[in-house]
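Notes to accompany the following structure.
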Protein chains: 2
Amino acid sequence: MAEKKLVEQITAMDEDFAKWYTDIVKKADLIDYSSVKGCMIIRPYGYAIWENIQRILDTRFKETGVENVYMPMFIPESLLTKEKEHVEGFAPEVAWVTMGGSERLAERLCVRPTSETLFCEHYANIIKSYRDLPKVYNQWCSVVRWEKTTRPFLRSREFLWQEGHTMHRTAEEAEARTVQMLNVYADFFEKSLCIPVLKGQKTDKEKFAGAKATYTVEALMHDGKALQGGTSHNFGCDFAKAFGIQFLDSDNQLKPCYQTSWGVSTRMIGGIIMTHGDDSGLVLPPDVAPIQAVVIPVQQHKEGVLEGAQRIYDTLKAAGIRVKLDDSDQSPGWKFSEYEMKGVPLRIEIGPRDLAEEKCVIVRRDNRQKSFVAIADLVAEANKNLSDLAEALYNKALENRKNRTYTASTLEELVTIANEKNGYIRAMWCGDLECELKLKEAADVSSRCIPFGEEACGDKCVCCGREAKKLVYWGKAY
Amino acid sequence: MAEKKLVEQITAMDEDFAKWYTDIVKKADLIDYSSVKGCMIIRPYGYAIWENIQRILDTRFKETGVENVYMPMFIPESLLTKEKEHVEGFAPEVAWVTMGGSERLAERLCVRPTSETLFCEHYANIIKSYRDLPKVYNQWCSVVRWEKTTRPFLRSREFLWQEGHTMHRTAEEAEARTVQMLNVYADFFEKSLCIPVLKGQKTDKEKFAGAKATYTVEALMHDGKALQGGTSHNFGCDFAKAFGIQFLDSDNQLKPCYQTSWGVSTRMIGGIIMTHGDDSGLVLPPDVAPIQAVVIPVQQHKEGVLEGAQRIYDTLKAAGIRVKLDDSDQSPGWKFSEYEMKGVPLRIEIGPRDLAEEKCVIVRRDNRQKSFVAIADLVAEANKNLSDLAEALYNKALENRKNRTYTASTLEELVTIANEKNGYIRAMWCGDLECELKLKEAADVSSRCIPFGEEACGDKCVCCGREAKKLVYWGKAY
């Protein structure tokens, strides 16, 4: 009964996906709203997911030679406007500080929407010789973009992210770093978040303001809409020229540096929700779940049950599993639905009968599959259930993407698919901006990416019929 | 020669302590300046110190039940002004956002100088019953205070910190948490930063805007000036009343919550520099040093030397020591002074002769003491040297504080001491604001704290001669 009641509190996915999403972020205690419009409070349970994400990614970054730094959160207007394409992309959506205390500032400062300009100014100061290269810096911070419509994790005026900014001696090295970080992201999405991603390049229209090339990892949500998961940009040396970042090479020539930047954000938490969640709530991939297993005693007033539960807790904890014991006075049914809502991967039940047989029950969050497990085998069984669940989450998401990937060879066909279904639409493109705009207008979809290493599905542009060499994935996006 | 040259680049401490300080923060690559006035760039070496501080403190916090969250960086003016004393303390020194994109905001937003108001608004939403208490939240973030004069780490317009904000059922519990966190700070200062601290209470004049009581850990720098290291505040229930944070107690009565907050910041890095540094540069306490030992091969072109150095590196790394091997083509002399400047606790030298004897040389940064160590004993000897160095740093700082602590029984005496020396001046105080102001004016010092558990040094107020029960430490402060 208690279970029923709690589950009824969230909207069904099929009924209203958007409402289902906002119900989950609130009911799973991920976020709260405040009087600061368009910003969110990330609550302990949501923030613990972010801490796990940070820990895993930060370790991977450092393995590739990344060093962390902290730049000011403000950018003077004159600095922001130093690179033309960049400022055109960002100036319309920044927050401006105009007063310090009771004094009007001589020059207004924007709250960083991204920090290319600050990193470039710093690099110009500290890079003198080829011996100073490469520089591979990153920062974990919050950024601000003054969005008109906002949604928790997906689009908010302030969000948390990491931004890597690097400088290199050659174009080849910069390109290699751009791809390397894209691969770190792709690997993280697939292995730690259990989210399959497409790797590819953005069209010029969709690339980052000021970049030569933007690479992206794109994920498909349960409802068939796409989510840009993370991006890695190759800037060439335009910023370096604008900011005077040059080095004396071993041949005694002054040369400009080659630059990259790359970032992922709390948006990924939105991606986790919309990829794995169900009508009972959140479903968390084990690598980032704040609690990987919850131990729930059944008939806990009976002799030995709480002790047994405690023993299970101690065993799992000693094995390095993030575990919680809930021995509160709520009913087991209430607890079952509470931890389902919170997406805890495994529930471990123990009652008097289990105890007598030196057993317990492991229930998987994703498919509710129950296993009766000898307590002696608990750690191995829990770890097996966690990895099986991770694999199942990934496979389910991959299946969803396969089922929702379509191919169109004419514009008419593409428009029909776009009108009837949510998902990726594969189509050939000649490379002209005009065709991209026409298609976007006709089908109300945007180009997601030109995927790496995928075969063409034709040789004519879906839009103009001319020769086309580029395969593009189109879709509606968050 | 190389060593000499590098060392000459920094000002001597005794010549100009302020210049010595800024020389070190720059030459040890801790910070850089940018075009953002009053803000600093924390460079990789400086940020790595902060990451070590964060890791240690965050672990200690969590052991006491702290949960991390993230609040918006903006505070609407109406929210900031909800608690009268608080806004009077902070409004004059905040940065105001007045524009979002090209639109003027209906209500201006300040960039958080501290987040009591945001936490209170959130707590009012989520606390309903005594079962919801206590709430023990913390966030790691940056805050902004529009200071007129700034110095790296010590006072900058933006700085990094943690701010804990808690809500409790009873006044006793809130007081216990206030003291508990002060003790966590004191312990961290003494054990991890090797900085002895005074624990005590701020006078009403010096307490936090809106607090009932502010407790502080105060450290004395090498030059005899004081540094407020961290503070812990008991708010009683004034904010809770202003924000309507109340809970239904088990006796069915609605009651206001009792509140605390506590914080430490990147200021601590300034404290490390000014407590332990010397004329050769930084000296870092082992717990927070990014590199605990640097391995420097001598005559590295000779057969076996680099391999020997690599073996030492591998051995120390496997033992969990943060170690770096510098096999660059700079001279050993250059390397010696470079890592002295950076304050690396241990230098390990290995040359052909050492190698032949299966030995190496460990040199301590603080006193340059050399030990010739059998490679077989390396890990044990390195760990012993690290803990001996930590103890020596602490003792030296304690000795400095003892030598610079004075006692005054008349105002005249106090003024004379203050004019002639930098250090703590102990004196009795009646508790009246008027006397505090008079003394501050006459001697150009401020009250640092009323220390816990220290015996009185008289029974008359140093200022007015009336009965006095409070012992106060006075001093010039950063």
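Bear in mind these aren't lab numbers, they're just calculated from the coordinates by the rules spelled out. The model shown is predicted, which means the values in this text are computed figures rather than measured ones. Virtual Cβ from ideal backbone geometry, glycine too; neighbours counted across all protein chains shown.
Shape summary: segment B:2-276 maps onto an equivalent ellipsoid whose semi-axes, from the alpha-carbon gyration tensor, are 35, 23, 16 Å in decreasing order.
How would you rank A:181, B:428, going from fewest to most other Cβ atoms within 10 Å of each one's own Cβ?
Numbers: A:181 28, B:428 21.
Arranged by neighbour count, lowest to highest, A:181, B:428 become B:428, A:181.
With neighbour counts taken as other beta-carbon atoms within 10 Å, the residues A:131, B:364 rank, fewest first, as A:131, B:364. Each listed q (0.11, 0.23 Å⁻¹) maps to a log10 I(q)/I(0) for segment B:239-354, found by the Debye formula over equal Cα scatterers with no solvent: -0.53, -1.22.
Since only A:449, A:427, A:415 are under comparison, the one whose Cα sits farthest along the positive direction of the charge dipole of segment A:405-475, derived from C-beta charges on Lys, Arg, Asp and Glu, is A:449. If you average the sequence gap of Cα pairs under 8 Å that are 6 or more apart and divide by the length of chain B, what percent do you get for the contact order? Answer for chain B is 14 percent.
Here the protein assembly as shown is assigned +1 on the Cβ of each Lys and Arg and -1 on the Cβ of each Asp and Glu. Its dipole about the Cα centre then comes out at about 700 debye. Compared with the dominant Cα axis of chain A, that is its longest principal axis, helix A:267-276 is turned about 50°. Computed from Cα atoms, the angle from the helix A:411-420 axis to the main principal axis of chain A rounds to 30 degrees. Descending by average beta-carbon neighbour count within 10 Å, the peptides A:240-246, B:170-176, A:102-108 line up as A:240-246, B:170-176, A:102-108, the highest first. Electrostatic bookkeeping for residue A:316 treats Lys and Arg as +1 and Asp and Glu as -1; over the other residues with beta carbon under 14 Å from its beta carbon, the sum is +1. DSSP bridge analysis restricted to segment B:405-475 gives an antiparallel fraction near 75%, rounded to the nearest 5.
For the segment A:44-55, counting C-beta atoms of other chains within 10 Å of every residue's C-beta and taking the mean gives 2.
Which whole-number percent is the relative contact order of segment A:168-246 (Cα, under 8 Å, 6+ apart)?
Reported relative contact order: 27 percent.
Per residue of chain A, what 222 nm ellipticity follows from adding -39500 (n - 2.57) for every DSSP H run with n ≥ 4, rounded to the nearest 500?
-11000 deg cm²/dmol
The dipole here belongs to segment A:405-475: it is taken about the Cα centre, uses +1 on the Cβ of Lys and Arg and -1 on the Cβ of Asp and Glu, and is about 120 debye.
Taking Cα centre as origin and charging only the Cβ of basic (Lys, Arg, +1) and acidic (Asp, Glu, -1) residues, the dipole magnitude of segment B:293-385 rounds to 380 debye.
Counted by neighbouring Cβ atoms within 10 Å, the residues A:232, A:78, A:446 run from fewest to most as A:78, A:446, A:232. What the Cα convex hull of chain A gives, in volume per residue, is 172 Å³. The C-alpha atoms of chain A define a longest principal axis, and helix A:17-27 lies at about 60 degrees to it. With a 10 Å cut-off around each Cβ of B:63-70, the average count of Cβ atoms from other chains is 5. Peptide A:100-113 has a mean shielding of 4, counted as Cβ atoms of other protein chains within 10 Å of each residue's Cβ.
Cross-link partners for residue A:241 among the lysines, with Cα-Cα distance under 18 Å and sequence neighbours closer than 8 places in the same chain left out: A:82, A:84, A:128, A:135, A:212, A:255.
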